[in-house]
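Trainee: Attaching a single structure in structure tokens format; questions to follow.
The values are calculated or read from the model by the stated rules, or taken from the named source; none is laboratory data. Computed from a predicted structure; not experimentally measured. Accessible surface areas use protein heavy atoms only, side chains included; no ligands, DNA or RNA. Shrake-Rupley method; radii C 1.70, N 1.55, O 1.52, S 1.80 Å.
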Amino acid sequence: MSSPVQRYAEATVPTEYGLFDLVVFRDARDGAEHLAIVHGDVRDAEAVHVRVHSECLTGEVLHSLKCDCREQLDHALRHIAAQERGVVLYLRQEGRGIGLGNKIRAYALQQQGADTVDANRMLGFSDDLRSYDAASAMLDDLGVRSVLLLTNNPAKVDGLRAEGVAVAGRLPVHIPPNEHNRGYLLTKRARMGHLLSDLGELLLDAE
Ligand SMILES: [Zn+2]
């Protein structure tokens, strides 16, 4: 089967975290441009620290406090820059794949009391439309043999494995919650299977 993405452009870019090689891949099916943010030499490497991150304009650009995406991305870039090698895959799939407009419609439903899962279902979307075949193809192109995945989400581990990625282990991501995203994080734990042990204390706070 041919790869769903093609390597399109690359350059080394200095960032506040350090130097990264940015590799852009194009998905021929929808024209999306996904980004591999690479630190060090990852070709033929085993147990490479990898974060598979889905774009979040509201969190990353506007610093919205409704989710923890920006903190997770920031953590991942810092973490990977501190390793000998690592990769952040930045996938252009806003709002768990439903798109920016539908994500804002879901926020409107949440303003009326729905949680993140129910809001998406009310709009007719399944819980998570993100797919990981592009991520798998990008890792393959980069020559990464196996990964240690930075995530709290077991479904992401399963999703990548289903696409053929050798996930050798999981590295938990601990982000302190704020008063706005507490409900969102509790929903991720209660309804989406995320492993967020830090929230035990928060539940008590909320009661
Ligand atoms: Zn977000």
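Trainee: Let me know the Kirkwood hydrodynamic radius for the chain, please, with Cα pairs as the basis and the value in Å to one decimal. Please report the intermediate quantities before stating the final value.
Mentor: On the way: mean 1/r = 0.0564 Å⁻¹.
After inverting the pairwise mean of 1/r, the radius is 17.7 Å.
Trainee: Sequence-distant or interchain residues sharing an amide H contact under 5 Å with LEU150, placed H: which?
Mentor: Amide H neighbours of LEU150, under 5 Å, 5+ apart: VAL50, ARG51, VAL52, LEU171.
Trainee: Same structure again: Output ³J(HN,Hα) for segment 64-71: one whole-Hz value per residue in order, computed from phi by the Karplus curve 6.51 cos²θ - 1.76 cosθ + 1.60 with θ = phi - 60°, and x for Gly and Pro.
Mentor: Taking θ as phi minus 60°, the curve returns 3, 9, 6, 9, 10, 5, 5, 5 Hz for segment 64-71.
Trainee: Find how much the distance from GLN112 to ALA11 grows on full extension, using 0.36 nm per residue of separation minus their present alpha carbon separation; answer in nm with one decimal. All intermediate terms of the calculation are to be shown ahead of the outcome.
Mentor: Numbers: separation 101, 0.36 × 101 = 36.36 nm, distance 4.49 nm.
Length gained between GLN112 and ALA11: 31.9 nm.
Trainee: Residues of the chain: accessible area per residue at 1.4 Å, in Å²?
Mentor: Values: 10370 Å² over 207 residues.
On a per-residue basis, the chain sits at 50 Å².
Trainee: Top mean-square fluctuation among ARG121, ARG191, ARG29, Gaussian network model of the chain, C-alpha springs under 10 Å?
Mentor: Among ARG121, ARG191, ARG29, the largest mean-square fluctuation in the Gaussian network model of the chain belongs to ARG29.
Trainee: A follow-up question, please. Heavy-atom accessible area of HIS180 with all protein chains present, probe 1.4 Å, nearest 10 Å²?
Mentor: 110 Å²
Trainee: Separate question: To the nearest 10 square angstrom, how much accessible area does ILE104 have with a 1.4 angstrom probe?
Mentor: 80 Å²
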